[in-house]
1. Give me, ordered by chain and number, the residues 5 or more places off GLN103 or on other chains with an amide H under 5 Å from its own placed amide H.
2. When PHE25, PHE8 are ordered from fewest to most other Cβ atoms inside 10 Å of their Cβ, what list results?
3. Charges on Cβ only, +1 for Lys and Arg, -1 for Asp and Glu, centred on the Cα centroid of the stretch 122-186; of ILE149, LEU182, HIS167, which one is farthest towards the dipole's positive end?
4. For mean projected area of the Cα convex hull in nm², the choices are (1) 9.6; (2) 22.4; (3) 23.2; which was calculated from the structure?
5. Measuring from label point to label point, each 7 Å out along Cα→Cβ, what is the GLU134 to PHE176 span in nm?
6. Could you tell me how many degrees, from 0 to 90 and to the nearest 10, lie between the Cα long axis of helix 2-26 and the main elongation axis, the longest principal axis, of the Cα atoms of the chain?
7. Using a basic spin-label model with each label point 7 Å from the Cα along Cα→Cβ, how many nm lie between ARG30 and ASP84?
8. Counting other C-beta atoms within 10 Å, which of GLU136, GLU60 has the fewest, and how do the rest follow?
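Please treat every number below as a calculation from the coordinates, not as lab data. The structure presented is a predicted model; accordingly, all values stated were derived computationally and were not measured. Quick reminder, even Gly has a Cβ in these numbers, built from the backbone with ideal geometry, and neighbours come from all protein chains shown.
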Amino acid sequence: MLRKLGTFLGGILSGLLASGLLILFISEPRGTPVILVQPPTPGPIRVHVAGAVANPGVYELPDGSIARQAIEKAGGALDNAAIDWINLASTLSDGEQITVPIQADSSDPTSIARPETKSSTHELLDINTATAPELERLPGIGPSLAQKIVEYREKYGPFGKIEDITHVSGIGPAKFDQIRELICVR
């Protein structure tokens with residue numbers, strides 16, 4: 001009797017399994033198919049190239065471009081340009097300005113004349129060479145923060161672009177906006 005019961009249950013289970021497989025193969029697929037989409041490619045950046053270049057102006061460059069490419073796009077540096085004062089390998093960001101300084105006296109390579117701009121009548125402070133007392137003259141920069149800037153520069157080397165000063169603890173976007181037009185990197 002147990003043998004007949006076992007055979008009977010085996011038959012039912014086999015029938016259920018066969019019915020399930022049949023339904024699985026003949027049923028329509030459900031849900032929506034997964035479509036793989038390529039990530040968007042970054043658009044071009046716009047940089048303002050000014051100073052001792054053949055054609056100063058605003059230029060579009062591919063994302064990830066460096067300062068050298070922007071200067072070349074502006075027709076190259078002039079003969080009296082102090083190109084050594086610019087980090088040609090620094091990566092550019094959208095809206096950045098690159099100012100190529102003019103060599104004031106070709107016999108003295110340390111003598112640099114900065115081109116005059118309409119927006120500034122003051123000399124920009126080079127954050128790579130400024131002392132702590134000089135940095136304190138910037139709005140919102142006190143003795144403690146000026147010292148942090150000098151220590152950061154000594155520990156990590158010169159700033160590649162003015163935006164790098166935001167890596168210093170205590171200089172956030174608001175403070176950077178206060179000093180942006182007053183500083184430079186040469």
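1. ALA81, ALA82, ALA113
2. PHE25, PHE8
3. Most positive-ward Cα: HIS167.
4. The value computed from this structure is option (2).
5. Each label point lies 7 Å from its Cα, and together they span 2.2 nm.
6. Long axis of 2-26 versus the principal axis of the chain: about 40 degrees.
7. Using points 7 Å along Cα→Cβ, the separation is 7.5 nm.
8. Arranged by neighbour count, lowest to highest, GLU136, GLU60 become GLU60, GLU136.
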